[in-house]
Amino acid sequence: MTAAPLVKIDAETSTSAAKTSLAGLTRDGLKTALAAAGVPDKQLNMRVAQLWSWIYVRGLTSFDDMTDVSKDLRNRLGALYTLDRPEIVSEQVSIDGTRKWLLRLAKRGHEARPPEIETVYIPESDRGTLCISSQVGCTLTCSFCHTGTQRLVRNLEAEEIVAQIMLARDRIGDWPGAKGPDDGRLLPSSERKITNVVLMGMGEPLYNFDNVKAAMGVAADGDGLALSKRRITLSTSGVVPEIPRWGEEADTMLAISLHATNDALRDELVPINRKYPIAELMEACRNYPGLSNARRITFEYVMLKGVNDSLAEARALVKLLSGIPAKINLIPFNPWPNTRYECSDWETIERFAEVVNKAGYASPVRTPRGRDILAACGQLRSESARLSASERRAGAEKA
């Protein structure tokens, strides 16, 4: 089968870069913005409710279309703010319908250049999953992950996390009455085109706890984007102290980026294990708030040829997870430039899955999606780099 050509969109220069976008803000953030625009205190709650509906239910991108907001207030809002999404540097569409956006964010503080992140949409016949980022780069340096080769630039603000959902809904026509893309690629048959959100993009979300929590509060708000918390999954490499707090305060589904059953190997694959070893991680999982057969933890296990894919490892995995309501996602390794790892042979993956299945665990093998555009699990990486001290000084002098 001949691969379909990739679709790319050239970035456009924003004419409103100096203004703050209200798209992605929490209710408190909108209230602060409206107060700054001169809305009287006694009107703030009403005006927040109006803007919330326009922004998060209808997906508007212009204040002019807010028909129940006075023209005077629309003009004031337009003079101070925008409803802009992040800038699309490029959009790539895989032969399997997976879409990857390279997004340029607004500069913050003394940043010398706008940082960039990647966001991926994975459509299936009955659902659509959006994989979003929580940081620009990552600190964890997991040896099999391409994102880990990019140093951390900064955490994303809550509104920058939410804005990824909004931009994706724009691009695939997931607002009421909107039309989808005309490129003929797969979209779900469901009414909602984005049914699931996973925090599995760039970064370790539990190292940006407060912003991620606030963003998922916006995503799960029943009067707005209205995603069920059962359809939101946070994936962590094992920041053990924050796992119970996330369960108590955010109450979403949890995924653990595991990949090994002993500390020696996991120290190499997932270096945070040196700080929080497997025994501590498993204890945190067993005590995760709300854990039950209906709310299982997903354990992610990337299949690396000759590294962690033996039948002995499969049996060790079953023993390790004993007593934890769990699902095990077996992930064929997705290659990236200059990696030293190879994907396990398919027969090896099937034998591994058979051991896990016989032990009573659901162990779907995740079908690689978007490999041709480096959009698959572990392949995300933008070109943003940590600013040097001299670049920061130069930026501060210009500010």
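No value in this document is a laboratory result; all are computed from the given coordinates. These figures come from a predicted structure and were not determined experimentally. Neighbour counts run over all protein chains shown; Cβ positions are idealised from the backbone, glycine included.
Annotations for the structure displayed:
- The calculated FRET efficiency for the pair Asp221 and Ala362, based on their C-beta separation and a Förster distance of 22 Å, comes to about 0.15.
- From phi via Karplus (6.51, -1.76, 1.60), per-residue ³J(HN,Hα) for the range 63-77 in Hz, x at Gly/Pro: 5, 4, 8, 7, 5, 9, 10, 4, 4, 4, 5, 4, 5, 5, 5
- Working note: Debye formula, equal point scatterers on the alpha-carbon atoms of the range 87-373, no solvent; log10 I(q)/I(0) at q = 0.11, 0.15 Å⁻¹ is -0.65, -1.26.
- Gaussian network model of the chain, Cα within-10 Å springs - most flexible of Met200, Met46, Met216: Met46
- The loop-placed GluC sites (Glu not before Pro) in the range 154-237, going by DSSP, that have at most 16 neighbouring Cβ atoms within 10 Å of their Cβ come out as Glu191.
- HN-Hα J in Hz across the range 124-137 - Karplus 6.51, -1.76, 1.60, θ = phi - 60°, x for Gly and Pro: 10, 4, 10, 6, x, 10, 9, 9, 10, 9, 10, 9, 8, x
- When Rg and the Kirkwood Rh are both derived from Cα coordinates, the Rg/Rh ratio for the range 112-163 amounts to 1.04.
- Lys pairs under 29 Å by Cα in the range 87-373, provided they are eight or more residues apart or on distinct chains: 25
- For Leu22, distant residues with modelled amide H under 5 Å away: Thr82, Leu83, Asp84
- In Hz, Karplus ³J(HN,Hα) per residue of the range 323-336 (6.51, -1.76, 1.60; θ = phi - 60°; x = Gly, Pro): x, 9, x, 8, 10, 10, 8, 8, 10, x, 4, 9, x, 9
- 0 to 90° range, to nearest 10: angle between helix 209-219 axis and the chain longest Cα axis: 70
- Near Val48: Cβ cut-off under 11 Å, other residues only, Lys/Arg at +1 and Asp/Glu at -1. The net charge is +1.
- Shape descriptor for the range 123-272: Rg over Rh equals 1.00 (Cα atoms; Rh from the Kirkwood inverse mean 1/r).
- Near the amide H of Val302, within less than 5 Å, lie the amide hydrogens of His259, Ile331, all on another chain or at least 5 residues away, with H placed in the peptide plane.
- Global form of the range 21-84, assessed from the alpha-carbon gyration tensor, a/c cut-off 1.5: rounded
- Beta bridges assigned by DSSP with both partners in the chain are antiparallel in approximately 45 percent of cases.
- The C-alpha atoms of the chain define a longest principal axis, and helix 346-358 lies at about 90 degrees to it.
- Under 5 Å from the amide H of Ser90 lie the amide H atoms of Leu102, each residue being 5 or more positions distant or on a separate chain, with H modelled from the backbone and absent for Pro and chain starts.
- Using alpha-carbon coordinates, inclination of helix 311-320 to the longest axis of the chain, degrees: 60
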